[in-house]
Ligand code: KG4
Ligand code: ZN
């Protein structure tokens with residue numbers, strides 16, 4: 001069968017991105033524009049600024065990606081756009097752009113759930129990764145453990161009862177005055193600190209409940225900072241260690257209750273922006289090995305928001321027969 005090419009569009013948060021991906025897992029061309037500078041003065045993403053920036057950059061970016069690949073819109077088999085969840089203004093911009101291109105080129109539109117993009121991203125870079133697998137999805141908006149049985153087939157085993165893991169990193173960065181985006185800044189500072197110097201709680205560690213909680217950890221970081229007794233690098237290191245301990249504990253619980261090997265799972269997959277954290281990856285790698293699984297972690301650039309994962313999710317949905325003939329309906333609504 002001839003290979004298919006999908007144009008992916010991502011605009012659900014503060015990254016505008018476009019990518020052309022082929023069904024043989026080749027990323028033919030891609031571009032990404034981060035809006036970090038625009039949001040930095042506010043210490044977080046401002047939805048209105050994000051939506052305007054997406055509207056400004058997406059169309060020329062798509063033209064640029066096509067030119068880079070030496071392709072025309074007619075050479076593309078389908079157009080996949082993030083349809084949510086995300087900041088509604090941004091999602092609307094990307095989805096409407098996808099709809100317009102689909103109409104103009106008479107190609108099917110594939111409405112992609114952003115989380116499915118993250119969930120399947122590991123299969124874009126690892127062709128040996130088979131379903132089912134256990135997925136730890138850790139981003140700015142989500143913190144979940146899922147059993148992934150196939151495109152569109154997910155069983156949620158755990159979620160956060162308050163903050164997402166990336167959110168906890170971002171809030172810690174804000175408390176320590178590290179600016180935005182917080183995750184990478186906390187990781188850099190933590191590398192210079194002593195995690196044992198600041199006692200911090202591990203919310204829900206050892207709990208019979210499957211879920212995550214990070215709000216109490218964030219409050220403890222705030223108190224440690226306000227006490228004036230600790231160095232910022234020690235607080236950062238202690239926070240990162242406590243957060244990783246919580247993740248390992250919750251993942252261990254899921255691995256145990258899921259009886260992964262009996263269910264034929266061979267891999268633990270980590271995806272989402274926080275999967276870019278090197279300490280977390282190393283810890284998960286070790287944990288997977290003790291359960292007889294391998295850890296699959298996409299390269300850093302595929303962990304944070306990008307359009308290649310959206311195009312790939314589109315290809316997976318097509319291959320699984322989840323895209324209706326002619327594509328998803330053009331009146332599909334963006335989801336916040
Ligand atoms: O997946 P993503 O790019 O956007 C969402 O869909 O949320 O994730 C962004 C999140 C932010 O909270 C960011 O601080 C966090 O991922 N992040 C990190 C690192 N790089 C990004 N957290 C910890 N360590 C990192 N190196
Ligand atoms: Zn994301």
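Here, each number is a calculation from the coordinates, and none is a lab measurement. Treat the numbers as computed from the prediction; the structure is a model and nothing was measured. Neighbour counts are summed over all protein chains in view; Cβ atoms, including those assigned to glycine, are modelled from backbone coordinates with ideal geometry.
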So the angle from the long Cα axis of helix 47-69 to the longest Cα principal axis of the chain, reported in degrees to the nearest 10, equals 50
Rounded to the nearest 10, the angle in degrees between the Cα long axis of helix 308-319 and the longest principal axis of the Cα atoms of the chain comes to 60
So the angle from the long Cα axis of helix 278-290 to the longest Cα principal axis of the chain, reported in degrees to the nearest 10, equals 90
As a percent rounded to 5, the proportion of antiparallel DSSP bridges among beta bridges in the chain is 55
Percent relative contact order for the range 205-293, counting Cα pairs under 8 Å at least six residues apart, stands at 32
Assertion target for 256, 309, 71, ordered by fewest C-beta neighbours within 10 angstrom first, is 256, 71, 309
The chain: relative contact order from alpha carbon pairs under 8 Å, six or more residues apart, as a whole percent, is 23
Rounded to the nearest 500, the 222 nm mean residue ellipticity computed for the chain from DSSP H runs (n ≥ 4, each -39500 (n - 2.57)) alone is -13500 deg cm²/dmol
